[in-house]
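Novice: Dropping the structure in here first, questions after.
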Amino acid sequence: MEFRPHNLRLGADFVRNAALDGFTSGRGQPRGLITYTGSGTDALANLLLGNAPNSVSYTPEGRPAMDTYNWESGYFRAGRFFG
């Protein structure tokens, strides 16, 4: 077995991403839910014709802003042999 000169590099990278997103507070049901019933395209037709919905529910308070984070990690190694 022969030993040759070499160098070895090792490293790591850790990142924490954080976000406070107020844009998502109204996503989904911003003011409530309106329901049209019917089979096939009848429900959509009732909406487009301006007919009264079958049920309506209101959301008095919006959702809070999305407060989220995630971790990312990366590892590397590199070696070089001389000779």
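Novice: Between beta-carbons, use under 15 Å as the cut-off and find the net charge around residue 13, counting Lys and Arg +1, Asp and Glu -1. Show your work: numbers first, answer last.
Specialist: Numbers: positive: 9, 16, 77; negative: 72.
My count for the surroundings of residue 13 gives +2.
Novice: A further question on this structure: Test of understanding: ordering 59, 37 by Cβ neighbours within 10 Å, fewest first, what list do you get? All intermediate terms of the calculation are to be shown ahead of the outcome.
Specialist: Working: 59 13, 37 10.
Neighbour counts put them in this order, fewest first: 37, 59.
Just so you know, all these numbers are worked out from the coordinates, no wet-lab data involved. None of these values were measured; they are calculated from a predicted model. Glycine gets a Cβ as well: all are built from the backbone with ideal geometry, and neighbour counts include every protein chain shown.
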